[in-house]
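Structure first, then comments.
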Amino acid sequence: MKSKEFNAHNKYMILKHAIKEGNVSRTCELFGISRTTFYNWQRAYQKHGMLGLEIKEPKKPEMPNKISKIIEQEILEYVGSYPSDGPKRIYYELKAEGIDVGETGIYNVLKRNNLTRKTDRLKYSQNKILHKKINPKENKELIGLFNKQRIYPGYLVVQRIDFIGTFDGIGKIYQYSFYDMDSKWVAVKLYNKKQDIDVWHHFERKLVYLLRIFNINIENLATNRKKEFLPYFVRGDKYKELIGELNINHIFISLEDTMELEDLTLFNEFLVTEFYNKINSNDELNSFIKVERALNKFIRDYNFSTIIQEGYNKGKTPVEVVLERALQNNVDLDTLPLWILALINHSN
């Protein structure tokens, strides 16, 4: 049965079935619909109730590459600030802004304004009186999140990708990191090839698993908007599905412009000093796999043993802060996986 053949009542019953079963994928498979369709229905119901589930008359098809004047102005403003970027880079940046426009549409705007060549874009940029940088609203939203007197695990989590460097006999190392601003809990994933970076696969398979164990929800997720890694956060629809499914407020930020996240920068500097700078002097770390295992142990020791030096959680370890939140959320610690209990007992 095609999704367009379901009426509003059918859609409502499918949404209820997913809640009852607690498994969206199995529900979609049972009723023969895609996860994308399910989440479209879910958002429509949350926003408009049963009216949102009514079958709508098909809209008049639009030309796929037709660009509105407003979006064209956004593209030109971006070119004025970043003339070196071509259509693909502009596509990823605008997608992060929530602006839905394809590479072909962007190229057509550049062609119409004689800006397809980098030299022409540089001249255009030089002639602009005001250079407007796209992005300021996200950091303002982030600053607003810090107005709470007390945050808690899951209230604000920051994720980023960094190129750590190239090491003899090991190759390149790229690091994805996930940092909880309240507990200081850290999770990392290493990649030795840029094209292998798959942020949302790791997020879904590993991080969501841990969140469910401790019955903790992410309320706000801030992604560091670094140009060279932005495509790995916005390409495809997986991240939209996860953000929608987990009901997370997701924003892009620029860490270099955000003093509120200074402790995250300090942690990365600590990681470079205490771990990465010691790789070449350790003969046992002679392969990417061994480095990855050693870092996982280093991060595990950090989470279970490091004492927080200041702030509301001063004197506690990251895992203690997380466990306190888990208890507040009625988690029975005796039901935690044995490997977590063993680490807790070892750290004590």
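None of the figures in this text is laboratory data; all of them are computed from the coordinates on show. This one's a predicted model, so the numbers in the text were calculated from it and none came from an experiment. Positions of Cβ are backbone-derived with ideal geometry, glycine not excepted, and every protein chain shown enters the neighbour counts.
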Can you run phi through the Karplus equation (6.51, -1.76, 1.60; θ = phi - 60°) for the stretch 217-234 and list ³J(HN,Hα) in whole Hz, with x for Gly and Pro?
9, 7, 8, 10, 10, 10, 9, 5, 8, 9, 3, 5, 10, 4, x, 6, 9, 10
Add +1 for every Lys or Arg and -1 for every Asp or Glu among the other residues with Cβ under 11 Å from the Cβ of residue 276, and state the total.
-2
Please give, to one decimal in nm, the separation of the simple spin-label points placed at residue 289 and residue 196, each 7 Å out from Cα toward the Cβ.
1.1 nm
Computed E for residue 210/residue 13 - FRET, C-beta separation, R0 22 angstrom, nearest 0.05
0.10
List the residues of the stretch 4-28 whose backbone N lies under 19 Å from a point placed 7 Å from the Cα of residue 54 along the Cα-to-Cβ direction.
4-13
Which whole-number percent gives the relative contact order of the stretch 3-53, counting Cα pairs below 8 Å spaced six or more residues apart?
43 percent
Pair residue 280, residue 47: separation of 7 Å Cα→Cβ label points (nm):
5.3 nm
Relative to the present Cα-Cα distance, how much length would full extension add between residue 168 and residue 254 at 0.36 nm per residue of separation?
27.8 nm
What FRET efficiency comes out for residue 77 versus residue 118 if R0 is 22 angstrom and r is the Cβ-Cβ distance? Round to the nearest 0.05.
0.80
Rounded to the nearest 0.05, what FRET efficiency do residue 270 and residue 301 have when you use their Cβ-Cβ distance and R0 = 22 Å?
0.95
So for the stretch 3-53, using the alpha carbon gyration tensor with a ≥ b ≥ c as root eigenvalues (a/c under 1.5 gives rounded; past that, a/b versus b/c decides prolate or oblate), I'd call it prolate
Which semi-axes, in whole Å and largest first, does the equivalent ellipsoid of the stretch 69-127 have when worked out from the alpha carbon gyration tensor as the square roots of 5 times its eigenvalues?
17, 11, 10
Once the dipole of the stretch 69-127 is set up with Lys and Arg at +1 and Asp and Glu at -1 on Cβ about the Cα centre, which of 92, 116, 75 lies farthest towards its positive end?
116
Order these by the 10 Å Cβ neighbour count, fewest first: 89, 293, 225.
293, 89, 225
